[in-house]
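Engineer: Quick one: the structure is below, and I'll ask about it shortly.
The values are calculated or read from the model by the stated rules, or taken from the named source; none is laboratory data. All values derive from a computational prediction rather than experimental measurement. In this analysis, Cβ positions are derived from the backbone assuming ideal geometry, glycine residues included, and neighbour counts consider all displayed protein chains. Surface accessibility is based on the protein's heavy atoms, side chains included, excluding ligands, DNA and RNA. Shrake-Rupley method; radii C 1.70, N 1.55, O 1.52, S 1.80 Å.
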Amino acid sequence: VIKDADPHLHFVLLTGVSKFSKVSLFSGLNNLRDITLSPDYATLCGYTDDDIDTVFEPELSGLDRQEIKQWYNGYRWGGREVTSVYNPFDVLLLFQEQEFGPYWFESATPTFLVELLKERGIYTPALTAWHSRPTLLSRFDVDDISTDAMLFQTGYLTLKSIREEVPHRPLYQLGLPNQEVEISLNEALLPILGVSHAVFDELAIRLPRLLKVGDLAAIETHLKALYAGLPHDWYRNNPIARYEGHYASVFYSHFAALGVSVTVEDASHHGKVDMSVDFGGHIYLFEFKVVEQLP
(Lines give C-alpha, C1' and ligand atoms only; values in the text may rest on other atoms or scores of the structure.)
Protein backbone atom coordinates (compact mmCIF):
# COMPACT_ATOMS: atom_id res chain seq x y z
CA VAL A 1 0.00 0.00 0.00
CA ILE A 2 2.82 2.41 0.84
CA LYS A 3 4.68 1.61 -2.40
CA ASP A 4 1.54 2.20 -4.44
CA ALA A 5 1.23 5.61 -2.78
CA ASP A 6 4.78 6.66 -3.70
CA PRO A 7 3.70 9.60 -5.91
CA HIS A 8 1.91 11.14 -2.93
CA LEU A 9 4.50 10.49 -0.21
CA HIS A 10 7.63 12.51 0.48
CA PHE A 11 8.62 11.10 3.86
CA VAL A 12 7.68 8.01 5.88
CA LEU A 13 9.04 7.26 9.36
CA LEU A 14 8.90 3.72 10.76
CA THR A 15 9.54 3.52 14.51
CA GLY A 16 9.88 0.71 17.00
CA VAL A 17 12.16 -2.24 16.34
CA SER A 18 13.63 -0.74 13.20
CA LYS A 19 15.41 -3.82 11.88
CA PHE A 20 12.07 -5.49 11.19
CA SER A 21 11.98 -3.22 8.16
CA LYS A 22 14.56 -5.50 6.52
CA VAL A 23 12.78 -8.82 6.92
CA SER A 24 10.20 -10.39 4.63
CA LEU A 25 7.30 -9.01 6.65
CA PHE A 26 8.03 -5.61 5.08
CA SER A 27 9.23 -6.82 1.70
CA GLY A 28 6.84 -4.35 0.10
CA LEU A 29 9.19 -1.55 1.17
CA ASN A 30 12.53 -0.69 -0.38
CA ASN A 31 15.05 2.15 -0.58
CA LEU A 32 14.79 2.65 3.16
CA ARG A 33 17.36 4.59 5.12
CA ASP A 34 18.02 3.22 8.60
CA ILE A 35 18.71 6.23 10.87
CA THR A 36 19.08 4.26 14.12
CA LEU A 37 22.80 5.09 14.44
CA SER A 38 22.88 8.28 12.38
CA PRO A 39 24.38 11.20 14.38
CA ASP A 40 21.95 13.62 12.68
CA TYR A 41 19.03 11.91 14.40
CA ALA A 42 20.66 10.90 17.70
CA THR A 43 18.29 13.00 19.84
CA LEU A 44 15.13 12.40 17.84
CA CYS A 45 13.47 10.02 20.30
CA GLY A 46 14.58 11.33 23.69
CA TYR A 47 15.02 14.41 25.84
CA THR A 48 18.44 16.05 26.12
CA ASP A 49 19.96 17.70 29.20
CA ASP A 50 19.05 21.05 27.66
CA ASP A 51 15.42 19.95 27.33
CA ILE A 52 15.31 18.96 31.00
CA ASP A 53 16.93 22.19 32.19
CA THR A 54 14.86 24.56 30.03
CA VAL A 55 11.53 23.11 28.87
CA PHE A 56 10.99 21.15 32.08
CA GLU A 57 12.69 23.57 34.47
CA PRO A 58 9.43 24.28 36.36
CA GLU A 59 9.08 20.55 37.12
CA LEU A 60 12.51 20.14 38.73
CA SER A 61 11.66 21.61 42.12
CA GLY A 62 12.16 19.04 44.88
CA LEU A 63 13.98 16.55 42.65
CA ASP A 64 17.70 15.77 42.64
CA ARG A 65 18.93 16.81 39.17
CA GLN A 66 21.92 14.46 39.22
CA GLU A 67 19.72 11.59 40.27
CA ILE A 68 17.38 12.24 37.33
CA LYS A 69 20.39 11.92 35.04
CA GLN A 70 21.63 8.78 36.74
CA TRP A 71 18.25 7.06 36.62
CA TYR A 72 16.93 7.96 33.18
CA ASN A 73 19.68 9.37 30.93
CA GLY A 74 22.23 7.35 28.99
CA TYR A 75 20.59 6.26 25.74
CA ARG A 76 23.03 6.96 22.96
CA TRP A 77 22.89 6.40 19.22
CA GLY A 78 25.16 7.58 16.47
CA GLY A 79 28.83 8.47 16.19
CA ARG A 80 31.55 9.13 18.70
CA GLU A 81 30.42 12.58 19.83
CA VAL A 82 26.64 12.39 20.04
CA THR A 83 24.46 13.57 22.91
CA SER A 84 22.92 10.98 25.20
CA VAL A 85 19.19 11.29 25.86
CA TYR A 86 16.62 10.57 28.55
CA ASN A 87 13.75 8.11 28.28
CA PRO A 88 10.73 10.43 27.76
CA PHE A 89 8.26 7.95 29.28
CA ASP A 90 10.24 7.84 32.54
CA VAL A 91 10.82 11.58 32.74
CA LEU A 92 7.18 12.52 32.26
CA LEU A 93 6.00 10.04 34.89
CA LEU A 94 8.74 11.18 37.29
CA PHE A 95 7.51 14.76 37.04
CA GLN A 96 3.92 13.63 37.51
CA GLU A 97 4.54 11.27 40.44
CA GLN A 98 7.51 13.14 41.99
CA GLU A 99 9.09 9.80 42.85
CA PHE A 100 11.83 7.75 41.18
CA GLY A 101 10.76 4.38 39.83
CA PRO A 102 11.29 1.93 36.95
CA TYR A 103 8.32 3.26 35.00
CA TRP A 104 9.49 2.17 31.54
CA PHE A 105 10.59 -1.27 32.65
CA GLU A 106 7.34 -1.93 34.51
CA SER A 107 5.27 -0.96 31.47
CA ALA A 108 5.89 -4.40 29.96
CA THR A 109 7.30 -7.62 31.44
CA PRO A 110 10.22 -8.83 29.27
CA THR A 111 9.33 -12.52 29.65
CA PHE A 112 10.57 -13.49 26.19
CA LEU A 113 13.87 -11.70 26.71
CA VAL A 114 14.47 -13.31 30.12
CA GLU A 115 13.71 -16.78 28.73
CA LEU A 116 16.06 -16.16 25.81
CA LEU A 117 18.88 -15.09 28.13
CA LYS A 118 18.22 -18.13 30.31
CA GLU A 119 18.43 -20.43 27.30
CA ARG A 120 21.72 -18.87 26.17
CA GLY A 121 23.34 -18.78 29.60
CA ILE A 122 23.80 -15.02 29.87
CA TYR A 123 26.89 -13.87 31.77
CA THR A 124 25.35 -10.84 33.44
CA PRO A 125 28.52 -8.77 34.15
CA ALA A 126 29.00 -8.67 30.37
CA LEU A 127 25.89 -6.47 30.17
CA THR A 128 28.03 -3.57 31.38
CA ALA A 129 30.51 -3.87 28.49
CA TRP A 130 29.27 -5.90 25.55
CA HIS A 131 31.25 -5.66 22.33
CA SER A 132 29.58 -6.00 18.96
CA ARG A 133 30.07 -5.24 15.29
CA PRO A 134 27.60 -3.05 13.37
CA THR A 135 26.69 -5.96 11.09
CA LEU A 136 25.57 -8.00 14.10
CA LEU A 137 23.28 -5.23 15.29
CA SER A 138 21.90 -4.91 11.76
CA ARG A 139 21.22 -8.62 11.46
CA PHE A 140 17.67 -9.12 12.67
CA ASP A 141 16.29 -12.56 11.85
CA VAL A 142 13.20 -13.09 14.00
CA ASP A 143 13.89 -16.84 14.03
CA ASP A 144 17.59 -16.56 14.89
CA ILE A 145 18.23 -13.24 16.61
CA SER A 146 21.60 -12.50 18.17
CA THR A 147 21.60 -11.67 21.88
CA ASP A 148 23.27 -8.29 21.45
CA ALA A 149 20.86 -7.28 18.68
CA MET A 150 17.87 -8.21 20.81
CA LEU A 151 19.15 -6.32 23.87
CA PHE A 152 20.07 -3.29 21.75
CA GLN A 153 16.88 -3.14 19.73
CA THR A 154 14.66 -3.51 22.80
CA GLY A 155 16.45 -0.76 24.75
CA TYR A 156 18.22 -2.78 27.44
CA LEU A 157 21.66 -2.04 25.98
CA THR A 158 22.79 1.16 24.32
CA LEU A 159 25.87 2.40 22.50
CA LYS A 160 28.66 3.44 24.87
CA SER A 161 31.68 3.91 22.63
CA ILE A 162 33.11 3.16 19.19
CA ARG A 163 36.66 2.20 18.34
CA GLU A 164 38.44 1.02 15.22
CA GLU A 165 41.18 -1.57 15.48
CA VAL A 166 41.06 -1.81 11.68
CA PRO A 167 40.28 1.34 9.64
CA HIS A 168 36.61 1.65 8.68
CA ARG A 169 35.71 -1.49 10.64
CA PRO A 170 34.20 -0.08 13.85
CA LEU A 171 33.69 -2.09 16.99
CA TYR A 172 30.85 -1.00 19.24
CA GLN A 173 30.87 -1.19 23.02
CA LEU A 174 27.36 -1.59 24.35
CA GLY A 175 26.26 -1.21 27.95
CA LEU A 176 23.31 -0.68 30.26
CA PRO A 177 21.99 2.87 29.70
CA ASN A 178 21.10 3.89 33.24
CA GLN A 179 20.26 2.86 36.79
CA GLU A 180 16.63 2.06 36.04
CA VAL A 181 17.57 -0.57 33.49
CA GLU A 182 20.48 -1.96 35.53
CA ILE A 183 18.33 -2.45 38.64
CA SER A 184 15.24 -3.76 36.90
CA LEU A 185 16.87 -6.07 34.38
CA ASN A 186 19.16 -7.68 36.96
CA GLU A 187 16.26 -8.20 39.34
CA ALA A 188 14.31 -9.86 36.53
CA LEU A 189 17.29 -12.12 35.78
CA LEU A 190 17.91 -13.25 39.38
CA PRO A 191 15.32 -16.09 39.29
CA ILE A 192 17.02 -17.67 36.26
CA LEU A 193 20.28 -17.54 38.24
CA GLY A 194 18.69 -19.41 41.14
CA VAL A 195 17.84 -16.48 43.44
CA SER A 196 14.09 -16.44 44.04
CA HIS A 197 12.09 -13.27 44.57
CA ALA A 198 11.52 -14.24 48.22
CA VAL A 199 15.26 -14.63 48.81
CA PHE A 200 16.02 -11.35 47.04
CA ASP A 201 13.44 -9.48 49.13
CA GLU A 202 15.31 -10.60 52.23
CA LEU A 203 18.66 -9.60 50.70
CA ALA A 204 17.36 -6.16 49.80
CA ILE A 205 16.65 -5.51 53.48
CA ARG A 206 19.84 -6.99 54.92
CA LEU A 207 22.72 -6.19 52.58
CA PRO A 208 22.42 -2.37 52.28
CA ARG A 209 22.48 -2.10 56.07
CA LEU A 210 25.67 -4.19 56.25
CA LEU A 211 27.32 -2.14 53.49
CA LYS A 212 26.51 1.13 55.27
CA VAL A 213 28.16 0.09 58.53
CA GLY A 214 31.06 -1.69 56.81
CA ASP A 215 30.58 -4.97 58.69
CA LEU A 216 32.89 -7.18 56.59
CA ALA A 217 32.39 -10.31 58.68
CA ALA A 218 28.61 -10.03 58.33
CA ILE A 219 28.93 -9.35 54.58
CA GLU A 220 31.01 -12.52 54.24
CA THR A 221 28.36 -14.50 56.10
CA HIS A 222 25.69 -12.95 53.89
CA LEU A 223 27.48 -13.97 50.68
CA LYS A 224 28.00 -17.53 51.90
CA ALA A 225 24.31 -17.75 52.75
CA LEU A 226 23.42 -16.40 49.31
CA TYR A 227 25.21 -19.24 47.53
CA ALA A 228 24.18 -21.85 50.07
CA GLY A 229 20.57 -20.87 49.42
CA LEU A 230 20.64 -21.79 45.74
CA PRO A 231 18.33 -24.84 45.47
CA HIS A 232 20.02 -28.13 44.64
CA ASP A 233 17.23 -29.16 42.26
CA TRP A 234 17.70 -25.91 40.37
CA TYR A 235 21.19 -27.03 39.34
CA ARG A 236 19.94 -30.29 37.91
CA ASN A 237 17.07 -28.76 35.97
CA ASN A 238 18.54 -25.45 34.79
CA PRO A 239 21.15 -25.40 32.00
CA ILE A 240 22.53 -21.98 32.99
CA ALA A 241 24.14 -23.54 36.08
CA ARG A 242 26.57 -25.32 33.77
CA TYR A 243 27.84 -22.12 32.18
CA GLU A 244 31.19 -20.73 33.19
CA GLY A 245 30.67 -17.45 35.02
CA HIS A 246 27.41 -18.45 36.69
CA TYR A 247 28.68 -17.63 40.19
CA ALA A 248 30.02 -14.26 39.03
CA SER A 249 26.61 -13.56 37.48
CA VAL A 250 24.85 -14.28 40.77
CA PHE A 251 27.34 -12.06 42.61
CA TYR A 252 27.07 -9.10 40.23
CA SER A 253 23.32 -9.24 39.62
CA HIS A 254 22.29 -9.43 43.27
CA PHE A 255 24.33 -6.25 44.00
CA ALA A 256 23.18 -4.45 40.84
CA ALA A 257 19.51 -5.25 41.54
CA LEU A 258 19.79 -3.47 44.91
CA GLY A 259 20.48 -0.15 43.22
CA VAL A 260 23.94 0.35 44.75
CA SER A 261 26.70 1.75 42.54
CA VAL A 262 28.43 -1.24 40.91
CA THR A 263 31.38 -1.00 38.53
CA VAL A 264 32.57 -4.04 36.63
CA GLU A 265 36.19 -3.40 35.82
CA ASP A 266 36.89 -6.30 33.49
CA ALA A 267 33.75 -7.81 32.01
CA SER A 268 34.61 -10.87 29.94
CA HIS A 269 33.15 -14.23 29.04
CA HIS A 270 35.84 -16.14 30.96
CA GLY A 271 34.00 -16.10 34.28
CA LYS A 272 36.57 -13.93 36.07
CA VAL A 273 35.57 -10.40 36.92
CA ASP A 274 36.81 -7.69 39.26
CA MET A 275 34.03 -5.56 40.71
CA SER A 276 33.72 -2.52 42.95
CA VAL A 277 30.73 -1.34 44.97
CA ASP A 278 30.37 2.26 46.16
CA PHE A 279 27.72 2.64 48.84
CA GLY A 280 27.20 4.26 52.23
CA GLY A 281 30.52 6.09 52.21
CA HIS A 282 32.51 2.90 51.61
CA ILE A 283 34.09 1.45 48.47
CA TYR A 284 34.28 -2.34 48.39
CA LEU A 285 36.66 -4.07 45.99
CA PHE A 286 36.01 -7.67 44.97
CA GLU A 287 38.38 -9.91 43.09
CA PHE A 288 37.13 -13.26 41.85
CA LYS A 289 39.42 -16.26 41.71
CA VAL A 290 38.77 -19.71 40.32
CA VAL A 291 40.05 -22.38 42.72
CA GLU A 292 40.41 -25.88 41.35
CA GLN A 293 38.37 -28.39 43.29
CA LEU A 294 40.51 -30.71 45.39
CA PRO A 295 40.15 -34.46 44.74
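Engineer: Of the peptides 58-66, 98-106, 172-180, how do they stack up when ordered by the mean number of other Cβ atoms within 10 Å, highest first?
Structural biologist: 172-180, 98-106, 58-66
Engineer: Assign one of three labels to the range 39-111, namely rounded, prolate or oblate, based on the Cα gyration tensor with a ≥ b ≥ c the square roots of its eigenvalues; rounded applies when a/c is under 1.5, prolate when it is not and a/b is larger than b/c, and oblate otherwise.
Structural biologist: Oblate shape, in that a/c is at least 1.5 and b/c is the bigger or equal ratio.
Engineer: Counting only other residues whose beta carbon sits under 12 Å from that of SER107, what net charge do I get with K and R as +1, D and E as -1?
Structural biologist: -3
Engineer: Measure off, as a whole percent, the carbon and sulfur share of the 1.4 Å-probe accessible area of the range 41-116, all protein chains present.
Structural biologist: C and S fraction of accessible area: 51 percent.
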